[in-house]
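The structure appears right after this line, and notes come after that.
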Amino acid sequence: MLISAEHLTKHQNIKSIVKDVSFSIEEHDKIALIGVNGTGKTTLMRIIAGLETYEEGKIIKKNELKISYLPQEPVFDEEDSILHQILSMDKEIKEFEAKAILGKLGIQDTERKVKYLSGGQRKRVALARALLKPCDLLMLDEPTNHLDNDMIEWLEKYLIRYNRAIFMVTHDRYFLERICDKMIEIDHANLYTYDANYSKYLELKAQREEIAQANERKRQNILRSELAWIRAGVQARGTKSKERIERFHKLNEMEKPVEQGTVKLDAISSRLGKKVIEWENLSKSYDDHLLFCNFSYILQKNDRIGILGVNGCGKSTLLKVLAKELDPDTGSVVHGETVKLGFFKQGHEEMDMSMRVLDYIQETSNAITTLEGTYSASQMLERFLFDAKAQYMPIGRLSGGERRRLYLLKVLMTAPNVLFLDEPTNDLDIQTLQILEDYLDSFNGAIITVSHDRYFLDRICDKLFVFQEDKSIQQFIGGYSALLELGTKQVESKASEKKAKPKVSPRLTSKEKQEIASMDETMENIQNKIDEIDQAMAECGDDFEKIQELSDTRLELENELETLMERWEYLIDKQQQIEEMKNNR
């Protein structure tokens with residue numbers, strides 16, 4: 001066991017984060033911490049990492065436990081270089097390893113000073129630092145934020161192979177499904193542990209809530225019966241059983257299960273005419289760096305479009321051009337007369353941290369009309385889980401996720417009929433995402449979204465704009481998984497043109513026997529080459545181009561070795577099947 005927490009209690013101001021909770025982290029656990037924004041997920045992570053105190057209980061840690069922690073807002077020495085910030089963290093970290101992972105995360109200039117990095121680049125450097133630090137427990141707070149889809153897929157595969165314990169907070173549901181084998185849900189200062197991946201967790205959670213509600217109904221029935229018994233004999237109360245009356249009071253004082261709050265969204269939109277947005281031959285560059293060119297499209301009323309591309313390719317810039325916040329270098333953008341655009345921007349707009357939550361929403365509108373009726377700004381805030389007390393708090397007291405939720409409400413309060421969403425899933429909890437997805441399903445207008453959330457893209461989008469290396473933007477029908485499947489089929493098709501898949505036969509051919517005999521030596525030779533490349537990378541120093549070249553060669557050898565392993569497993573299975581057939585004759 002790495003960590004054991006017993007009867008842990010933590011308050012933040014007057015709010016309970018956890019109250020008398022216990023949990024443990026084992027050596028190879030891959031745990032996700034789940035809960036709505038503002039419940040204290042980050043606070044609990046910091047307590048486990050030893051960065052924050054608690055009032056009651058105790059935390060027992062394995063001797064010399066090493067923890068590597070990725071915070072939501074990483075801290076660096078601003079004057080130091082990226083590479084030195086990582087290498088100075090632990091002597092065991094090899095320079096070539098640092099450069100390789102930074103390259104995977106899109107950081108090529110490793111000598112650049114940290115102070116010149118954007119927020120997204122800082123998060124990626126912090127992620128590289130966390131992954132490289134030798135540890136027994138890897139703790140990640142929203143690791144997929146600011147990563148593009150290719151980086152997320154790489155990180156997912158990395159963490160699947162990772163052989164140490166992982167404790168993470170993430171809203172990426174594919175991550176939860178494929179990586180994690182345990183879920184810890186934080187809800188109203190209680191913890192609920194499920195030994196399950198995400199889909200199984202949803203089933204078990206529904207069962208737990210059903211049982212809790214059934215027990216509550218039973219308790220209420222008993223209370224009604226006992227209350228009637230007490231009221232029936234007021235005059236003879238002294239003769240009644242004191243034990244029965246005490247049981248009644250204990251039963252009456254029990255806390256009933258609290259239903260987890262969920263954001264409630266109704267269809268909020270204005271009428272949209274036939275003409276929406278049309279653009280023709282759009283091109284945009286920054287400092288002679290071309291982002292995209294010759295892009296034309298006629299947006300339809302019910303389009304659901306996702307935008308994909310590597311970090312820095314110009315996805316957010318494209319949205320700003322289509323919103324007429326930026327002028328294109330060439331081409332034109334025309335909005336229909338009835339278009340009312342709602343633009344949910346990445347990182348949310350600049351907020352006055354001293355402004356009250358209610359005042360922030362009332363800046364946009366005092367009331368909004370939905371299909372269910374007219375709601376005041378205060379009522380809409382309640383539907384977005386900001387109770388009367390929270391509405392009079394300054395925005396600076398809110399968590400990052402709560403600010404995102406507040407910003408989302410502000411955008412929707414304008415009753416848009418066209419929605420531009422730039423990374424809408426960043427920092428939103430899963431429950432809010434699910435409700436947002438339900439809302440978008442019924443949204444009576446066009447949606448264009450930039451997102452790295454693969455589940456969100458699959459759920460919402462039926463068309464994709466994909467940035468290409470030649471700076472064009474290609475259109476694909478379907479969601480993210482459809483695009484991924486299309487790419488896989490193209491690769492398989494090319495492979496099948498070179499070599500047809502061998503058919504299973506009742507005997508090993510002489511060629512297959514020769515393959516089995518030589519495979520061990522071949523695989524050993526490839527592994528030796530990989531080891532030699534590792535040694536060469538360690539001796540490259542600051543020659544990043546050479547490191548990248550060696551890294552590419554290493555990847556090719558790894559792929560070759562993996563293909564050989566699959567072929568070896570196939571032939572061995574076939575050989576065993578033949579032996580079994582012989583034995584059964």
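Details
- Spacing of the two label points (7 Å from each Cα toward its C-beta) at residue 510 and residue 220, in nm: 8.2
- For residue 529, the aspartates and glutamates whose Cα comes closer than 19 Å to its Cα, not counting residues fewer than 8 places off in the same chain, are 97, 520, 521, 539, 549, 552, 556, 558, 560, 562.
- Length gained on full extension, residue 65 to residue 94: 8.3 nm, using 0.36 nm per residue less the C-alpha separation.
- Pairs from the table (157/546; 15/133; 301/410) lying more than 29 angstrom apart at Cα are 15/133.
- Annotation for residue 210 and residue 535: the two label points, set 7 Å from Cα along the Cα-Cβ direction, are 6.2 nm apart.
- Where a label projected 7 Å from the Cα of residue 568 along Cα→Cβ would reach, residues of the range 513-550 with amide N under 20 Å: 513-534
- Listed values for the range 282-299 are Karplus-derived 3J(HN,Hα) couplings in whole Hz (6.51 cos²θ - 1.76 cosθ + 1.60, θ = phi - 60°), namely 6, 9, 8, 10, 10, 6, 6, 9, 6, 9, 7, 8, 6, 9, 10, 6, 10, 6, and x replaces Gly and Pro.
- Considering only the chain, percent of DSSP beta bridges that pair antiparallel, nearest 5: 55
- Protection-proxy order for peptides 510-522, 352-364, each taking the mean of Cβ atoms within 10 Å per residue, highest first: 352-364, 510-522
- Residue 289-residue 477 FRET efficiency (beta carbon distance; Förster radius 30 Å; 0.05 resolution): 0.50
- Accessible area of the range 8-55 divided out per residue, in Å², using a probe of 1.4 angstrom: 42
- Among (i) 1.16; (ii) 1.00; (iii) 1.08, the entry derived from the coordinates for Cα Rg over 2.2 N^0.38 Å: (i)
- The chain - percent relative contact order, Cα under 8 Å, separation 6 or more: 14
- Per-pair calculated FRET efficiency, R0 = 35 Å: residue 545 and residue 324 via Cβ, rounded to 0.05: 0.25
- Mean ellipticity per residue at 222 nm, deg cm²/dmol - from DSSP H runs of n ≥ 4 across the chain, formula -39500 (n - 2.57): -14000 deg cm²/dmol
- For the set 99/123; 66/104; 66/200; 511/574, the pairs lying more than 20 angstrom apart at their alpha carbons are 66/104; 66/200.
- Computed extension length for residue 366-residue 379: 3.7 nm, one decimal, from 0.36 nm per residue of separation with the Cα-Cα distance subtracted.
- For the chain, there are no membrane-span-like helices by this rule, meaning no whole DSSP H stretch whose C-alpha atoms cover at least 30 Å of axis and whose Kyte-Doolittle mean is -1.0 or above; this says nothing about an actual membrane.
- Residue 527/residue 24 FRET efficiency (R0 30 Å; Cβ-Cβ; nearest 0.05): 0.20
- Mean sequence separation of contacting Cα pairs (under 8 Å, at least six apart), scaled by the length of the range 281-359, corresponds to a relative contact order of 28 percent.
- Theoretical gain in end-to-end length, residue 1 to residue 485 [0.36 nm per residue, Cα-Cα removed]: 170.2 nm
- The charge dipole of the chain, taken about its Cα centre with unit charges on the Cβ of Lys, Arg, Asp and Glu (plus for the first two, minus for the last two), comes to roughly 2820 debye.
- Of the accessible area of the range 43-165, computed with a 1.4 Å probe over protein heavy atoms only, carbon and sulfur atoms account for 45 percent.
- Those GluC sites (Glu not before Pro) in the range 88-144 that DSSP places in a loop and that have at most 15 other beta carbons within 10 Å: 92, 111
- Zone residues, the range 88-115, relative to residue 161, backbone N less than 13 Å from point 7 Å out along Cα-to-Cβ: 101
- In the range 361-408, chymotrypsin sites (Phe, Trp or Tyr not before Pro) in a DSSP loop with at most 16 other beta-carbon atoms within 10 Å: 392
The values are calculated or read from the model by the stated rules, or taken from the named source; none is laboratory data. Worth saying up front: this structure is predicted, and the values here are computed from it rather than measured. Glycine also receives a Cβ, built like all others from the backbone with ideal geometry; neighbour counts cover every protein chain displayed. Heads up: the accessible areas ignore ligands, DNA and RNA and are worked out on the full protein's heavy atoms, side chains in. Shrake-Rupley method; radii C 1.70, N 1.55, O 1.52, S 1.80 Å.
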